[in-house]
Amino acid sequence: MVKKLLFSEFNQRIKFGDVKYIRNPNTGDNDEKFVLDFEMWCKPQKRTANQSYSIHGTDLEGTIVVVIMHDDRVSTKLKAKYKEQTYDIVINNSDESGTYMAYDYLTLRQVKKVG
């Protein structure tokens, strides 16, 4: 049986959008700025010990998982801002069952700044 998530567990905000380069008039440099498209409530999802061992040494090591209510607007082309950090959406395990309690599990990797 699938574990049911409580609405009260969705107690964190996550923002979705894109990173744009905007010219800084003071320095002339291009600065990165997160441009918000939409935001919603999410639930941080802890991995089991077995899941953590399975991803050790893979590309998914160092990623986090959050759960959101299903939303067709979310795709891996977007960036996510969670707890003031910007993330790439690595995997979007989307539930397209059409039920009112459909959840999407997003695997996020923190964006590393170059330079």
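The values are calculated or read from the model by the stated rules, or taken from the named source; none is laboratory data. All of these numbers come straight from a predicted model, not from anything done at the bench. Glycine gets a Cβ as well: all are built from the backbone with ideal geometry, and neighbour counts include every protein chain shown. Surface accessibility is based on the protein's heavy atoms, side chains included, excluding ligands, DNA and RNA. Shrake-Rupley method; radii C 1.70, N 1.55, O 1.52, S 1.80 Å.
Before moving on, here are some points about what is shown:
- Of all the listed residues (Glu9, Glu32, Glu39), the sole one being in contact (Cβ under 8 Å) with a residue 12 or more places away in the chain and either within 13 Å of Ala80 (Cβ to Cβ) or not acidic (Asp, Glu) (or both) is Glu39.
- Selection within the range 30-49: residues that are over 18 Å from Thr107 (Cβ atoms) and open to solvent by less than 90 Å² (accessible area, probe 1.4 Å). The member of this set that is nearest to the chain's Cα centre (by Cα) is Glu39.
- For the range 32-76, a residue qualifies if it is aromatic (Phe, Trp, Tyr) and either in contact with a helix residue (DSSP H, G or I) (Cβ under 6 Å, 6 or more places away or on another chain) or part of a strand (DSSP E or B) (or both), and the qualifying residues are Phe34, Phe38, Trp41.
- Within this structure, Thr99 passes the test of being in a loop (DSSP other than H, G, I, E, B) and of a type in the set (Ser, Thr, Tyr).
- Total residues in the range 93-115, condition within 10 Å of the chain's Cα centre (by Cα), without any contact (Cβ under 8 Å) to a residue 60 or more places away in the chain and open to solvent by 40 Å² or more (accessible area, probe 1.4 Å): 2
Every residue, every condition in (1) within 23 Å of Leu5 (Cβ to Cβ); (2) of a type outside the set (Ser, Thr, Tyr), yes or no:
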{"residue": "Asn26", "(1), (2)": "no, yes"}
{"residue": "Phe38", "(1), (2)": "yes, yes"}
{"residue": "Arg47", "(1), (2)": "yes, yes"}
{"residue": "Gln51", "(1), (2)": "yes, yes"}
{"residue": "Thr63", "(1), (2)": "yes, no"}
{"residue": "Met69", "(1), (2)": "yes, yes"}
{"residue": "Thr99", "(1), (2)": "yes, no"}
{"residue": "Thr107", "(1), (2)": "yes, no"}
{"residue": "Gln110", "(1), (2)": "no, yes"}
